[in-house]
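A short write-up of the structure that comes next.
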Amino acid sequence: PVKVYYDPKRRLILGFELKNPVDTSETIQVAHKQWIDTEYGKMLQEVEIVQGAKDTFHIAFDEIHLNTGFEKHDTGICEELAEKDELLKTIETFNAAFAAGNIEAVEPLICDRYLHTNGNSQAIGRSEWLAFFRNRKKEIDSGRLAILKYEMDQVRVELHGNTGIVTARILAVSESDGQLSEDEYRVTNIWVKENGTWKRAGFHDITQ
């Protein structure tokens with residue numbers, strides 16, 4: 001079985017034992033490919049492959065931006081990978097739709113009891129935020145507002161059952177009535193899985 005843990009250098013380690021010894025280089029390549037071919041695995045950067053005790057090998061990876069919290073057994077790893085991968089894809093879909101002003105794509109991804117807070121502003125609910133988003137879409141459609149860049153990086157995810165806590169940095173560039181605006185801010189998002197779909201339940205940001 002594969003065991004996953006962090007070493008003192010904060011590298012992610014995949015350790016596995018060969019039950020039926022075969023060509024070690026081929027085995028390592030297969031095990032490595034199984035992880036790297038996943039969407040999550042593409043975010044990992046290989047550092048080294050080392051041999052431990054007899055027929056025991058380890059694949060070491062650089063520190064990853066997502067905080068895994070893996071269980072030390074295969075089932076927990078696979079479940080965690082699948083859930084985080086699904087949540088990350090949902091966030092990508094949400095962000096692309098938000099940048100484009102696509103309310104039809106965004107609305108189903110917002111919880112009924114959604115709470116949204118910007119900086120020092122008072123928190124607003126789902127209906128108020130969607131009203132803001134509709135007005136924003138009108139400005140985009142009229143040409144008064146242009147979203148030139150909306151990117152999320154430095155993402156970290158923690159899952160607690162059907163709830164996900166996501167922290168990240170947002171880099172946004174827009175042009176409104178001819179005025180260019182560049183913003184960088186930190187966000188904390190709360191996502192919950194309802195009826196098989198990840199939905200955003202809360203948002204808070206702070207300007208850098």
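The values are calculated or read from the model by the stated rules, or taken from the named source; none is laboratory data. The model shown is predicted, which means the values in this text are computed figures rather than measured ones. Glycine also receives a Cβ, built like all others from the backbone with ideal geometry; neighbour counts cover every protein chain displayed.
Out of the residues in segment 117-148 that are of a type outside the set (Asp, Glu), exposed (fewer than 15 other Cβ atoms within 10 Å of the Cβ) and in contact (Cβ under 8 Å) with a residue 12 or more places away in the chain, which is nearest to residue 106 (Cα to Cα)?
134
Please determine, by comparing only the residues of segment 176-191 that are buried (at least 17 other Cβ atoms within 10 Å of the Cβ) and of a type in the set (A, V, I, L, M, F, W, C), which one is farthest from residue 120 (Cα to Cα).
191
What are the residues in segment 86-103 that are surrounded by fewer than 17 Cβ atoms within 10 Å (Cβ to Cβ), of a type outside the set (A, V, I, L, M, F, W, C) and either part of a helix (DSSP H, G or I) or not assigned by TED's automatic domain parsing to the domain that holds residue 153 (or both), if any?
Scanning segment 86-103 gives 86, 89, 92, 93, 95.
Is it the case that some residue within segment 184-196 is under 13 Å from the mean Cα position of the chain (by Cα), at pLDDT 95 or above and polar (S, T, N, Q)?
Yes, segment 184-196 contains a residue that is under 13 Å from the mean Cα position of the chain (by Cα), at pLDDT 95 or above and polar (S, T, N, Q).
Failed condition for residue 110, given (1) farther than 24 Å from residue 195 by Cα; (2) modelled with pLDDT of 95 or more; (3) β-branched (Val, Ile, Thr), with all others met?
It is condition (1) that residue 110 fails.
When you scan segment 152-163, do you find a residue that is assigned to a helix (DSSP H, G or I), within 21 Å of the chain's Cα centre (by Cα), β-branched (Val, Ile, Thr) and at pLDDT 95 or above, even just one?
no
Looking at 155, 106, 173, 166, can you tell me which residue is surrounded by 12 or more Cβ atoms within 10 Å (Cβ to Cβ), aliphatic (A, V, I, L, M), in contact with a His (Cβ under 8 Å, 6 or more places away or on another chain) and assigned by TED's automatic domain parsing to the domain that holds residue 199?
Unique residue meeting the criteria: 155.
Scan segment 151-205 residue by residue and report those that are touching an Asp or Glu at 6+ places or on another chain (Cβ under 9 Å) and aromatic (Phe, Trp, Tyr).
Answer for segment 151-205, where residues must be touching an Asp or Glu at 6+ places or on another chain (Cβ under 9 Å) and aromatic (Phe, Trp, Tyr): 185, 198.
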